[in-house]
Amino acid sequence: MEPTMIIRGGVAVTDGTVWNTDITISEGIISSLSAPNHSAAPRAQTVDARDLLLLPGVIDPHVHFQLPFCGAVTADDFSSGSRAAAMGGVTTFIDFATPSPDEPMEASIDARLQQIEGMSHVDFALHGGITRWRPDTRRSISQAISRGIPTFKTFMTYRKERRMVSDATLFRCLEETGEHGGAILVHAENDSLISLLIRRAHKAGHLAPIYHGRSRPPVTEAEPIGRAIRLAAAAEGRLYIVHMSTVDGAETVRQGQVDGVQVAAETCPQYLLLNEQRFNQPDGHLFATCPPLRAEHHADGLWEALIDGTVSCIGTDHCNFTAQQKAVWDGDFTRIPYGMPGVETLLPLIYSYGVRENRISLPELVEILSGNPAKLFGLFPQKGTLRPGSDADIVFFDPDASWTVNKQELATPGDWYPYAGFLVQGRIRHVLQRGRWLVRDGQFVGGLIRGQFLPRQLESGVGWE
Ligand code: URP
Ligand code: ZN
Ligand code: ZN
């Protein structure tokens, strides 16, 4: 088939390799990667990628656009959120359909798909959710898996928000998804210990933002991670730890993997790049998220866990509450809506503070942000790689551009940004989604592009070995 686009002279980074290559695209699919040549293709658009890196589109496996949570709804809808994603080189996101305990899972998936329908500028998938074991849960799990939603988030905390599941329910979820080729995502925090520590903080009049962190110390994450891993081993299920924030958690996951449990983990930019000192700033309440920001040494341990493969992915947990929305805290840390944005800066920040600061290599960056989430979540090789036959989701990245994160210049809606003022090395120049321009010269041009729902199927062995 005649190519519709030829990208010449760039340096492609994919599947562990870095090489000078021309990439041809036909009908939205990569048709070839070859040593640079000057062969003519009269009907193809030629794009000059000299001095640029060509990366597979980033997959953010953990975002919440338009999320009703903590008494508010987050600031971006699927249009503005996915536009910010596109500007950040994120060409695929995975959001969540979390049912209330009284709601059938199918209804929550239908409602979420309806909200996204025709709104997203980039491709997307959904994780389902389980907040109670109901008489229809077994059937719902197998139905969701057969419609391309094989991963389900569960919560070991948020009892007050009616999301927490018991250990018995978590076990049954692991058993059931294990049997049907699915996996369980778990938000691992020990609810009763946190409740005790919050009550104590209140009694002592400790209401400042730092007590959000102090009432959720590392043990409140590491203990439930260990418990969930043991349950996964007993149930012979697959487990993915979301938004892991501590070195203690990483050590627990590492041990689980050594013991042969099918457990994978994700961390987030906020745990790699921010720390609990933020809570002591005058606007410290803005930085409340769950799990909380940690003491500085945890970040070093999490970078190490990324390097040795204990942690496979970085999801942003993008949950964009504005400063105006967070103002309801009114001096009491327990009233802060939890969450912060991040999808737009995932790639440049991790490139800058990971690759340029010699913590991870360039091929590792691509595996962490694209290859691994594609493999773990059943999107590979359609996504997560630059190969003939893969979707032409390509980020043209200028490794030498320096810039400073400035809220005014971001597409992310809202009135604050957690990484404002960060110096960044490396910037997104252009982005293609299935061969069409989403971003050109740093400007969003994808207004007419509609993202597609990506039905997924987990493959045993791929990413889960
Ligand atoms: O504080 C957070 N992380 N908000 C988003 C919801 C969640 O638990 O992932
Ligand atoms: Zn969570
Ligand atoms: Zn989340």
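The values are calculated or read from the model by the stated rules, or taken from the named source; none is laboratory data. As the structure is a computational prediction, the values presented were derived from the model and not from experiment. When we count neighbours, we look across all protein chains shown, and the Cβ atoms used for this are built from the backbone with ideal geometry, even at glycine.
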**Request:** Out of the residues in segment 172-199 that are among the hydrophobic types (A, V, I, L, M, F, W, C) and more than 14 Å from Tyr240 (Cα to Cα), state the one that is surrounded by the most Cβ atoms within 10 Å (Cβ to Cβ).
**Result:** Ile194
**Prompt:** So which residues in segment 138-162 are under 16 Å from Glu103 (Cβ atoms), touching a residue at least 40 places away in the same chain (Cβ under 8 Å) and in contact with a Pro (Cβ under 8 Å, 6 or more places away or on another chain)?
**Reply:** Ile149, Arg162
**Message:** Based on this model, can you work out whether Arg8 counts as of a type in the set (Lys, Arg), in contact with an Asp or Glu (Cβ under 7 Å, 6 or more places away or on another chain) and either within 29 Å of Arg162 (Cβ to Cβ) or outside any loop (DSSP other than H, G, I, E, B) (or both)?
**Reply:** yes
**Complete:** A careful count of residues in segment 106-120 that are away from ligand 3 (no atom under 16 Å from the Cβ) and over 14 Å from Gly148 (Cα atoms) gives 9
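Listed residues Thr74, Thr24; which is within 16 Å of ligand 2 (Cβ to nearest atom) and of a type in the set (Ser, Thr, Tyr)?
Working: Thr24 fails: within 16 Å of ligand 2 (Cβ to nearest atom).
That would be Thr74, the only listed residue that is within 16 Å of ligand 2 (Cβ to nearest atom) and of a type in the set (Ser, Thr, Tyr).
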**Complete:** Within segment 249-273, the residues that are in contact (Cβ under 8 Å) with a residue 40 or more places away in the chain and buried (at least 20 other Cβ atoms within 10 Å of the Cβ) are Gly249, Ala250, Val253, Gln262, Ala264, Ala265, Glu266, Thr267, Cys268, Pro269, Gln270, Leu272
**Asked** Taking segment 314-339 as the region of interest, how many residues are touching a helix residue (DSSP H, G or I) at 6+ places or on another chain (Cβ under 6 Å) and within 11 Å of ligand 3 (Cβ to nearest atom)?
**Response** 2
**Message:** Just checking, does segment 252-268 include any residue being under 18 Å from the mean Cα position of the chain (by Cα), more than 16 Å from ligand 2 (Cβ to nearest atom) and under 26 Å from Gly88 (Cα atoms)?
**Reply:** no
**Request:** Take the residues in segment 162-179 that are over 24 Å from the mean Cα position of the chain (by Cα) and in a helix (DSSP H, G or I), then tell me which one is nearest to Ala144 (Cα to Cα).
**Result:** Glu176
**Complete:** Within segment 95-153, residues being within 16 Å of ligand 2 (Cβ to nearest atom) and either modelled with pLDDT under 95 or β-branched (Val, Ile, Thr) (or both) number 4
**Message:** Among the numbered criteria (1) of a type outside the set (Ser, Thr, Tyr); (2) in a loop (DSSP other than H, G, I, E, B); (3) touching a residue at least 24 places away in the same chain (Cβ under 8 Å), which one does Glu357 miss?
**Reply:** (3)
**Prompt:** Could you say which residue among Val405, Val445, Val439 is surrounded by 23 or more Cβ atoms within 10 Å (Cβ to Cβ) and farther than 30 Å from Pro150 by Cβ?
**Reply:** Val439
**Prompt:** Quick check: anything in segment 312-334 over 20 Å from Leu67 (Cα atoms), in contact (Cβ under 8 Å) with a residue 12 or more places away in the chain, away from ligand 1 (no atom under 15 Å from the Cβ) and under 13 Å from the mean Cα position of the chain (by Cα)?
**Reply:** yes
**Item:** Among the residues listed as Ala233, Ala295, Ala299, Ala228, the single one being surrounded by fewer than 22 Cβ atoms within 10 Å (Cβ to Cβ), in a helix (DSSP H, G or I) and among the aliphatic types (A, V, I, L, M)
**Value:** Ala233
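For segment 121-153, which positions are hydrophobic (A, V, I, L, M, F, W, C), more than 16 Å from ligand 3 (Cβ to nearest atom), part of a loop (DSSP other than H, G, I, E, B) and under 19 Å from Asp167 (Cα atoms)?
Of everything in segment 121-153, just one residue is hydrophobic (A, V, I, L, M, F, W, C), more than 16 Å from ligand 3 (Cβ to nearest atom), part of a loop (DSSP other than H, G, I, E, B) and under 19 Å from Asp167 (Cα atoms), namely Trp133.
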**Asked** Would you call Leu369 under 16 Å from Thr91 (Cα atoms), touching a strand residue (DSSP E or B) at 6+ places or on another chain (Cβ under 9 Å), of a type in the set (A, V, I, L, M) and away from ligand 3 (no atom under 16 Å from the Cβ)?
**Response** yes
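Condition check: more than 26 Å from Leu52 (Cβ to Cβ) and either surrounded by 14 or more Cβ atoms within 10 Å (Cβ to Cβ) or touching a residue at least 40 places away in the same chain (Cβ under 8 Å) (or both). Does Gly463 satisfy that?
Taking the combined requirement at face value, the residue satisfies it.
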**Prompt:** Among the residues of segment 197-209, is there at least one that is within 19 Å of Ala232 (Cβ to Cβ), assigned to a loop (DSSP other than H, G, I, E, B) and of a type outside the set (A, V, I, L, M, F, W, C)?
**Reply:** no
